[in-house]
Structures are given as C-alpha cells and as structure tokens.
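The values are calculated or read from the model by the stated rules, or taken from the named source; none is laboratory data. This one's a predicted model, so the numbers in the text were calculated from it and none came from an experiment. Counting neighbours? That spans all protein chains shown, and the Cβs are built from the backbone with ideal geometry, glycine included. SASA here: full protein model, heavy atoms, side chains in, ligands and nucleic acids out. Shrake-Rupley method; radii C 1.70, N 1.55, O 1.52, S 1.80 Å.
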Amino acid sequence: MAPMIVGVCGENAPGERRVALVPDAVGAVQALGLEVLVESGAGAASWLPDLLYRQSGARVATRDELLHRADILVGVRPPAFPAGRRFRHGQVLIALLDPLRVPFDVRRWADEGVTAIGLDLAPDTSVLARPMDAVASQDRLAGYKAALLAADRFGHPLSGTVVPAAPREVRAVVLGSGAAARQAADTLRRLGATVAVDDSAPPYGPRFSGLVAGADIVITTVRPRRGLRPRVLVTARAMAGMRPGSVIIDTAAGPDGGNVEGVLPESTMTVGPGVTLIGAGRLPERIPQAASATYARNVTALLGHLVRDGALLIDPADPVQAAMLVTHGNMVLHKGVWQLIVEQTAVAGLP
C-alpha cells in the first residue's frame with residue numbers, strides 16, 4: 001500500500017512569508033510513514049529553496065499535482081484554489097483556519113467531504129495539545145519581535161550600560177497575560193527596561209491612564225475572543241498624556257481594529273504629542289524562517305497525534321481532536337461556525 005502523501009502548499013495571502021513545513025522537519029514527517037510533497041517555491045519567501053526540500057527527502061511538485069495527489073494538505077492558511085477547482089473528497093486540510101471568519105467556506109469544505117483541522121484551535125488547557133498550539137508559538141515570536149521593534153523605534157538605548165549618562169530609566173508597560181505578553185516583557189527586561197505587566201485588561205480609568213502616561217514603551221497583546229472585535233485598552237486621551245518620543249506597539253491590530261484607539265493594521269503613525277503608534281498584528285511574518293520552523297513543529301506534533309503506522313486516525317471523541325476538528329464526515333463540527341451558518345442563512349432566506 002502506497003504511503004499517504006502530505007502536501008505542503010505555497011501561500012497566496014498578500015504579505016504571507018511563512019511556509020507550513022521546513023526542510024528540517026521533513027524527516028520527522030517521513031518517520032511517521034508519510035511521503036512529503038512540496039509545492040515548488042513554497043519556501044522561497046522564507047529563503048528555503050526547493051533544493052533544500054529535495055535534499056531533505058521531499059519531492060517538489062506543481063500546485064496542480066500537489067492538490068491532486070496529496071491526502072493531507074498543510075498550509076499556514078487554507079489554500080486558494082483556481083477557479084473550478086475543488087478539494088478531493090476525503091482530503092485533510094491542516095492550517096490556521098480562523099473558521100468564524102469564513103463560515104461559508106467551512107460549509108463548502110464539509111460539502112466537499114474535507115476533514116478540516118485548525119492549528120489555531122488547539123485547546124490551551126490540554127498538556128497533550130500544547131505542542132500543537134500554533135497560536136501560542138506564533139504569539140511568543142510576536143512578543144519577542146514587538147519588544148525589538150519598540151526598542152528600535154524608541155529614541156534612546158534601554159540599558160544604562162550602553163549610555164551611562166542616560167537621564168532616567170526606560171519604563172515599559174505590557175498589557176496582556178498570554179504568550180506574547182510574557183515574551184515581550186522578558187525581552188524588554190533583557191534589553192534593560194523596567195517593565196510593568198498588567199494582565200487584567202482594566203477598563204478606562206485614572207489608574208490605567210496613569211500607567212500608560214508614565215511609560216516610554218507600551219506593548220498591547222490582548223487579542224479578542226474568536227468572533228469578537230479587539231478590545232480598546234489605550235485611548236486617545238491616554239496617549240495624549242504620554243511623553244513625546246514614546247512608542248506603542250499594538251500586536252492585536254487588524255482589519256477589525258486593535259487594542260489602541262485609532263490604530264491601523266500594519267502601519268506606523270505619529271499621534272498625540274509625538275507618540276509613535278505601530279499597528280503590528282502580523283509580526284511573525286516579519287521573521288519568516290523562525291516562524292516557519294516553529295509552525296512546522298506544531299504541524300509535526302499534530303501529525304504525530306493523528307498518525308499510527310502510516311494511517312490517519314480521525315476520532316471526534318478524542319478531546320484534542322474534538323477541539324480542533326472543524327469539518328469531518330460531510331459535517332460542520334465546530335458549533336460556533338454552525339450557529340453562524342444557521343443565522344446567516346436564515347437572514348439571507350437561503351436553504
């Protein structure tokens with residue numbers, strides 16, 4: 001019996017530079033009894049040429065061949081198919097699915113018989129799921145990069161050992177309680193800043209405004225619950241009290257807003273009395289090699305959980321799989337997505 005084929009898709013989303021599997025991870029996937037097929041050029045934006053994949057034991061293929069032959073498709077994001085092209089019945093899709101944003105894509109996947117598994121849905125309370133948690137692993141990179149970006153844009157070194165005559169300590173505030181917040185705070189401390197972490201996401205008020213106003217650097221990391229808009233934590237009024245030259249990095253900034261009032265995604269602006277505000281919700285993409293290698297470990301861990309003796313075992317009763325399965329057996333299994341489909345179909349008057 002021929003081994004199952006894992007197909008590594010190239011990414012189509014604008015600005016996306018990561019790849020779902022790096023050459024160094026190919027051997028671990030093959031050790032599960034699987035064959036690896038990589039779309040030509042999939043790793044180019046991460047400076048991982050096709051030659052490295054071939055040397056690792058993977059085969060390189062065109063997109064058409066990959067979509068046709070792969071039993072398991074892995075991507076950072078779901079692949080965009082050419083017009084008229086569909087998933088093959090029984091194919092497995094593994095990616096950051098963000099299913100609440102695309103409920104009717106999810107319905108189509110179910111209709112086409114796809115088993116869709118979201119690496120962004122790993123339960124964060126499960127020890128077994130921790131190696132598969134792509135959100136946490138990418139957030140750690142985002143926190144690290146946010147700290148470096150803040151240090152770069154701030155007008156003075158963060159450590160007095162660099163400029164001994166520096167007039168005062170550099171004070172930083174990190175808002176959030178997750179992996180990004182912890183990594184940002186740790187990195188800023190290593191760079192020499194004095195860091196305060198507020199993980200309570202407090203409402204507006206004098207205490208919170210004072211915390212921000214007294215900071216040289218503010219990094220916000222509070223992403224919304226799935227399906228909701230980000231919560232505004234730093235208001236224009238709070239920014240007006242900050243010193244000129246201060247820096248704010250909003251790692252939650254996206255199309256639906258961010259943690260900072262008025263922030264724009266992937267943009268830099270000057271606000272208030274000369275505060276640099278950076279909307280940086282896609283920081284892992286700025287370090288694609290590290291982000292790809294980290295993501296590949298999540299993919300490999302998930303495959304290791306699903307594959308036994310070269311065969312894929314999908315079990316909706318498994319608590320880890322139950323949290324991550326979006327579609328299987330021609331059904332939408334994600335309750336939140338199914339509710340959205342029902343509500344939006346009713347509003348549109350569709351069957």
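Numbers for the structure displayed
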{"read-out": "Rg over Rh, two decimals, segment 271-345 (C-alpha only, Kirkwood Rh)", "value": "1.19"}
{"read-out": "Helix 288-306 axis, angle to the chain major axis (alpha carbon atoms, nearest 10°)", "value": "50 degrees"}
{"read-out": "Acute angle (nearest 10 degrees) that the helix 179-191 long axis makes with the longest principal axis of the chain, alpha-carbon atoms", "value": "50 degrees"}
{"read-out": "Choice from G272, G41, G84 showing the highest fluctuation, given a GNM over the chain with Cα pairs closer than 10 Å", "value": "G84"}
{"read-out": "The chain, helix-only ellipticity at 222 nm - DSSP H runs n ≥ 4, -39,500 (n - 2.57), divided by all residues, nearest 500", "value": "-10000 deg cm²/dmol"}
{"read-out": "Total charge dipole magnitude, the chain, about the Cα centre, Cβ charges on Lys, Arg, Asp, Glu only, Debye to nearest 20", "value": "640 debye"}
{"read-out": "Selected from P123, P273, P14 as most flexible by GNM, with the chain as the system and alpha-carbon contacts under 10 Å", "value": "P14"}
{"read-out": "Protection proxy ranking, peptides 288-295, 95-102, average beta carbon neighbours within 10 Å, highest first", "value": "288-295, 95-102"}
{"read-out": "Helix 134-153 axis, angle to the chain major axis (alpha carbon atoms, nearest 10°)", "value": "30 degrees"}
{"read-out": "Cα shape, segment 1-149, gyration tensor, a/c 1.5 rule", "value": "rounded"}
{"read-out": "Positive-end residue, segment 2-154 charge dipole about Cα centroid, Cβ charges, pick of A70, A80, V29", "value": "A80"}
{"read-out": "Magnitude of the charge dipole, segment 1-149, Cβ model with Lys/Arg +1 and Asp/Glu -1, debye to 20", "value": "140 debye"}
{"read-out": "Candidates D318, D198, D133, ranked by Gaussian network fluctuation over the chain, Cα under 10 Å, top entry", "value": "D318"}
{"read-out": "Approximate spin-label separation L128-M331, in nm, with each point projected 7 Å along Cα-to-Cβ", "value": "1.9 nm"}
{"read-out": "Correct option for volume of the Cα convex hull per residue in Å³ [calculated from the coordinates] among [x] 139; [y] 161; [z] 153", "value": "[z]"}
{"read-out": "About the Cα centre, charge dipole magnitude for segment 237-290 (Lys/Arg +1, Asp/Glu -1 at Cβ), debye", "value": "200 debye"}
{"read-out": "Most positive-pole-ward Cα, S159, A45, W338, against dipole of the chain from beta carbon charges", "value": "S159"}
{"read-out": "Accessible surface of segment 182-308 [probe 1.4 Å, protein heavy atoms]: carbon and sulfur percent", "value": "53 percent"}
{"read-out": "Normalised contact order of the chain, rounded percent, pairs of Cα under 8 Å and 6 or more residues apart", "value": "19 percent"}
{"read-out": "Under the Karplus curve 6.51 cos²θ - 1.76 cosθ + 1.60, θ = phi - 60°, whole-Hz ³J(HN,Hα) for segment 121-128, x wherever Gly or Pro sits", "value": "10, 4, x, 6, 9, 9, 5, 4"}
{"read-out": "Neighbourhood charge, 11 Å Cβ-Cβ cut-off, centred on M132 and excluding it, Lys, Arg +1 and Asp, Glu -1", "value": "-1"}
{"read-out": "Relative contact order (%) - criterion: Cα under 8 Å, at least six apart; region: segment 245-351", "value": "15 percent"}
{"read-out": "Cα gyration tensor, segment 172-302 - rounded (a/c under 1.5), prolate or oblate", "value": "prolate"}
{"read-out": "Amide H contacts under 5 Å for L333, placed H, 5+ residues apart", "value": "T327, H328"}
